[in-house]
1. About its Cα centre, what dipole magnitude does the stretch 1-110 give when the only charges are +1 on Lys and Arg Cβ and -1 on Asp and Glu Cβ, stated in debye to the nearest 20?
2. Quote the relative contact order of the stretch 113-188 in percent (integer), defining contacts as alpha-carbon pairs under 8 Å separated by 6+ residues.
3. How many percent of all Cα-Cα pairs in the stretch 1-110 sit more than 25 Å apart?
4. Wrap a convex hull around the Cα atoms of the stretch 113-188, take a quarter of its surface area, and give that in square nanometres.
5. Please report the Cα spread of the chain along all three principal axes, rounded to whole Å, starting with the longest.
6. List the residues whose amide H sits under 5 Å from the amide H of Thr16, counting only those 5 or more places along or on another chain, with H placed 1.01 Å from N in the peptide plane.
7. For the stretch 163-180, what does the Karplus curve 6.51 cos²θ - 1.76 cosθ + 1.60, with θ = phi - 60°, yield as ³J(HN,Hα) per residue in whole Hz, taken in order and with x for Gly and Pro?
8. What are the residues whose amide H is under 5 Å from the amide H of Ile117, where those residues sit 5 or more places off or on another chain and H is modelled from the backbone?
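Bear in mind that the values in this text are calculations on the coordinates, not laboratory data. Being a predicted model, the structure only gives us computed values, none of them experimental. Because the Cβ atoms are built from the backbone with ideal geometry, glycine has one as well, and the counts that use them run over all protein chains shown.
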Amino acid sequence: NGCSAAAVLDGRSVDTTMGLTPLEGLVMGTRSGDVDPSLHEFLGGELGVGLAEVTAILNKKSGLLGLSGLNNDMRSLEAAAAEGHEQARIAIDVFCYRLAKYLAALAVPLGRLDAIIFTGGIGENSAFVRAQTLSQLAILGVRVDDTRNQNHGRRSDGVITQDGSTVALVVPTNEEAMIAADTIALVR
């Protein structure tokens, strides 16, 4: 399960959290996200493994899974954190901090921030992650409306922030329908 963010200006992406590979950027289910480039050499030496194995670890055994020591499912980690599992809480904190940090950075090429849009699995379904992430973006004028956020924006046209605040929205997605539509267009 992946996670990314993009700065969109006039309908076009002008920056993204992805790099050459999806390993760069945000913490994901099993991917580490950004790491120091020297980590490969250090980790390989510490574990006695080669570059390919270190890359596999960073792609398949890191992220929420590696940080929590439990799994890569945010719903499960939220439940575990609520029951006092410290590593689950740390994994969520790191995820939200890194997301907030990237969202702030993605505002730079835009010149101004019209809206922050959450979509996809965690973005659509985790009021906790949205609240924790957006609370770190007060510097950008973001103020979460707890009731709207808990309702996933369903009763407020997707808006989950307070009136007069920088707008944050929850926008449901249907990836399967988009894939089907793109496939139909391609074969026609």
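1. On the way: 8 positive and 13 negative charges, 47 e Å.
Rounded to the nearest 20 debye, it is 220 debye.
2. Details: 100 pairs, mean separation 24.6, N = 76.
Computed value for the stretch 113-188: 32 percent relative contact order.
3. Values: 1726 of 5995 pairs.
Result for the distance tail: 29 percent.
4. Values: hull surface 23.3 nm².
About 5.8 nm², averaged over all directions.
5. Largest to smallest, the principal-axis extents are 54, 52, 32 Å.
6. Residues meeting the amide H criterion: Ala7.
7. Along the stretch 163-180, the couplings run 4, x, 8, 4, 6, 10, 10, 10, 10, x, 10, 9, 4, 5, 5, 5, 4, 4 Hz.
8. Long-range HN contacts for Ile117: Leu169.
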